[in-house]
Amino acid sequence: MSQPAQQPGWLDGLNFSVGDRFGGGGAAGAATSGGPGFALSHDDAMSMLNLAKGVREDFRDMRIDAARLTRVTSPADEPGSNGYNELLVNRGQPPGAFVAGEAQVNQLYAHADELVKRLEKALGIIQSSDEQAGADVKNAAASGQGEGFA
């Protein structure tokens, strides 16, 4: 699946700052005093992170369905069916409706993923738990500690 050229991020230039309380100087005031951004309490940032992760997972699931739609074929090899199918799955110009929809869902997933990463960074979370678990498994396999397990 081809990906469009990466555009500047939709959150570029915006800082996320997390502190224990609003208006108390410190980390929470940093985003607004140094330029555009968001200042959040820790609880609000965690709530927003959980919501953003849920949205990202929804878009991830939609990506699978959108990719399947781009593989629709004509029910019959005749001009009417072939022409209609071309309107749905054309990868050329103009793109078919399903291809354009797939590109939109991929872009929405990328936006949600960037938001999750920015919030994790602001909260001091280096890797998501799934990435950390994957890294742990790879490290255990590489060091031979995983021997004996199925």
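The values are calculated or read from the model by the stated rules, or taken from the named source; none is laboratory data. Computed from a prediction, not measured in an experiment: that's the story for all the values here. Glycine also receives a Cβ, built like all others from the backbone with ideal geometry; neighbour counts cover every protein chain displayed. The accessibility values were calculated without ligands, DNA or RNA, using every heavy atom of the protein model including side chains. Shrake-Rupley method; radii C 1.70, N 1.55, O 1.52, S 1.80 Å.
Rolling a 1.4 Å probe across the protein heavy atoms gives region 63-131 an accessible surface of 63 Å² per residue.
Each peptide in 106-115, 51-60 gets a packing score, the mean of other Cβ atoms within 10 Å over its residues, and the list from highest to lowest is 106-115, 51-60.
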